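Scroll down for the structure; my scribbles are underneath it.
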Amino acid sequence: MADWTDCLNFGISIAKQASEVGVMATNENAVKLKSSPADLVTETDQRVEKILISAIRNRYPQHRFIGEESVAAGEHLELTDSPTWIIDPIDGTVNFVHRFPFVAISIAFTVNRQTQFGIVYSCVEDKLFYAQRGGGAFLNGEPLHASGQQGDITRVTSHMCYITHDIMSRDDVALSTMTSNIRRLLQFPVHGVRALGTAAVDMCQVATGGADAYYHIGMHCWDIAASAIIVQEAGGVVMDTDGSEFDMMSRRVIAASSAAVADRIAQVIQAFPCCRDDED
Ligand code: IPD
């Protein structure tokens, strides 16, 4: 089996460099809207993506890329069997613009369409989450473990702290589905509900055991590809919101401390329609 540790180490070093010279070095006020008032892009997003892609391309000229801003600029999104880097240069652009202190660089690497490693660098917190297939998950070098809540479903949900996603889409069906999902989940006596505004860092909270579950509908593959393997390698579970196998292109995900918690959430929440990432 191929060993992708060199690529992982290179990804970690360029994520840290791009944070230093791009994300942390800039006070951004040139903002453009994409699909909704909550879907923003800044020159820094574009610049950081260019820094990352050109450094990786220099070192690994045969590798392919799926980058949030390249796709927004019209590049075709296709996941092939070739080694592919899936990049979100700033996950949490709204936070970045408002200086709300959770912004991350998210990098996943796939071969034969299977994720080999994931890196989420939470720039302001200086927290580096990463995981390599079969090698465990780490935060700043320390092993990560999901909370592992198991057993009786009523007990599980009554102790749960879960993380939800931002309300990005503003159309009626999406809005009413998202708000009724939260209402339905709050009928369990859960301890708390949080949302940090970056899907990558939100989902990594499940890997740390700080949250027992996270779900999101409508995000893109670059938001969650890296954190999905981090959750799995920390002993957590990822699945589609309809209970089927996780598919990073489906734009639906549940990440949870155990299959029991993930199944329970899948039974309760509903999805609104959105095009797959790999559909034109
Ligand atoms: C967004 C963030 C946000 C999530 C959105 C994403 P971006 O990513 O992850 O938390 O709710 O769905 O699009 O646009 O800041 O890279």
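The values are calculated or read from the model by the stated rules, or taken from the named source; none is laboratory data. Please read all numbers here as calculations on a predicted model, not as lab measurements. Cβ sites come from the backbone with ideal geometry, for glycine too, and all protein chains shown count toward neighbours.
Mind listing whichever residues of segment 45-62 are touching a residue at least 40 places away in the same chain (Cβ under 8 Å) and out of contact with any Gly (no Cβ under 6 Å at 6 or more places or on another chain)?
If the condition is that a residue be touching a residue at least 40 places away in the same chain (Cβ under 8 Å) and out of contact with any Gly (no Cβ under 6 Å at 6 or more places or on another chain), then D45, Q46, L52, A55, I56, R59, Y60 are the ones that fit.
Regarding P89, is this residue crowded, with 24+ Cβ neighbours inside 10 Å and either polar (S, T, N, Q) or in the same structural domain as S19 (by TED's automatic domain parsing) (or both)? Break it down stepwise before answering.
Values: crowded, with 24+ Cβ neighbours inside 10 Å: yes; either polar (S, T, N, Q) or in the same structural domain as S19 (by TED's automatic domain parsing) (or both): yes.
Spelling it out, P89 is indeed crowded, with 24+ Cβ neighbours inside 10 Å and either polar (S, T, N, Q) or in the same structural domain as S19 (by TED's automatic domain parsing) (or both).
Just for segment 47-92: of the residues that are part of a helix (DSSP H, G or I) and within 13 Å of H220 (Cα to Cα), which one is farthest from the ligand (Cβ to nearest atom)?
So the residue we want is V71.
Out of everything in segment 93-115 that is within 16 Å of the ligand (Cβ to nearest atom) and part of a loop (DSSP other than H, G, I, E, B), what residue ends up being surrounded by the most Cβ atoms within 10 Å (Cβ to Cβ)?
Taking segment 93-115 and keeping what is within 16 Å of the ligand (Cβ to nearest atom), we get 93-108.
Those left that are additionally part of a loop (DSSP other than H, G, I, E, B): 99-103.
Working: R99: 10, F100: 14, P101: 14, F102: 20, V103: 28.
Once the filter is applied, the top-ranked residue is V103.
Take the residues in segment 249-280 that are in contact with a Lys or Arg (Cβ under 7 Å, 6 or more places away or on another chain) and of a type in the set (G, A, S); name whichever of them is farthest from Q149 (Cα to Cα).
S250
Conditions tested, residue by residue: (1) in contact with a Phe, Trp or Tyr (Cβ under 7 Å, 6 or more places away or on another chain); (2) at positive phi; (3) modelled with pLDDT under 95.
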position	(1), (2), (3)
G210	no, no, yes
M219	no, no, yes
A228	yes, no, no
G236	no, no, no
F246	no, no, no
S250	no, no, no
A260	no, no, yes
C274	no, no, yes
